[in-house]
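**Q** Encoded as structure tokens, here's the structure I'll be asking about.
The values are calculated or read from the model by the stated rules, or taken from the named source; none is laboratory data. Nothing here was measured: the structure is a model prediction, and the numbers come from that model. Cβ placement follows ideal geometry from the backbone for every residue including glycine, while neighbour counts extend to all protein chains displayed.
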Amino acid sequence: MRLQRCVPLVAIGIFCGYAAAQDLLTPKVSGELRTECNDEHKFIICANALSLHGLGKDELALQTLSETEVPEVRKHYQIATSLPDDGFWKLVARAGAQLPNCQSELALTLGRHFDFDPQALASAADDSSKSVFTALSDLLGSLSAVPLAGLPRSAPVNTRNQEADVYRYCFFSDSAGLFAAVKKTLGR
């Protein structure tokens with residue numbers, strides 16, 4: 001009789017231990033991705049990795065993302081790829097972005113983006129039906145192609161990151177809403 005009471009408690013303890021271990025990985029990887037994806041020189045690496053993931057080339061995407069990292073970070077990324085429901089790739093997409101109100105910032109960001117690269121928005125709108133990760137890569141990739149997101153050269157480097165953070169956060173919170181807004185900006 002005592003065994004029947006203990007077995008569920010042991011099972012819960014094992015499950016909680018597993019969940020706690022998993023919770024250590026996610027914040028660690030999130031911090032590493034924030035550092036990598038917001039770096040001026042590595043920004044495009046994250047966009048390219050998202051595009052490759054969207055095309056189903058996960059091994060190449062992970063190799064691209066890990067290529068410039070130390071072995072410890074590479075190992076963290078490798079382990080994190082087993083997170084369910086594209087969990088790792090959602091972390092790459094978010095890359096630590098924090099934004100209190102997606103909708104108010106998104107319209108402004110899309111308007112600025114349309115002014116300097118409407119083709120990137122069109123590509124994102126088209127790709128969103130195939131892979132939202134590739135579509136996000138279209139948006140982020142074009143931010144790195146034009147110096148400081150098409151803003152005056154005197155603008156600080158982190159302005160590009162602020163623009164990218166709007167896309168990253170809106171993607172993370174509501175990817176369908178993000179690409180609906182992209183299409184609306186294009187009049188589709």
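**Q** Answer with yes or no whether L65 is assigned to a loop (DSSP other than H, G, I, E, B) and surrounded by 16 or more Cβ atoms within 10 Å (Cβ to Cβ).
**A** no
**Q** Let me ask you something else. Among the residues of segment 163-178, which ones are in contact with a helix residue (DSSP H, G or I) (Cβ under 6 Å, 6 or more places away or on another chain) and within 13 Å of S129 (Cα to Cα)?
**A** S175, L178
**Q** Follow-up question, since we're still on this one. Can you confirm whether A122 is of a type in the set (G, A, S), at pLDDT 85 or above, surrounded by fewer than 21 Cβ atoms within 10 Å (Cβ to Cβ) and under 14 Å from L186 (Cα atoms)?
**A** yes
**Q** Return a yes/no flag: does segment 28-48 have any residue that is in contact with a helix residue (DSSP H, G or I) (Cβ under 9 Å, 6 or more places away or on another chain), in contact (Cβ under 8 Å) with a residue 24 or more places away in the chain, farther than 18 Å from R168 by Cα and part of a helix (DSSP H, G or I).
**A** yes
**Q** For the structure I just gave you, tell me whether A135 is crowded, with 18+ Cβ neighbours inside 10 Å, small (G, A, S), touching a residue at least 60 places away in the same chain (Cβ under 8 Å) and not in a helix (DSSP H, G or I).
**A** So A135 fails the test.
**Q** Sticking with this one: Spot the failing condition for V92; the list is (1) assigned to a helix (DSSP H, G or I); (2) farther than 18 Å from V132 by Cβ, and only one is missed.
**A** Answer for V92: the failing condition is (2).
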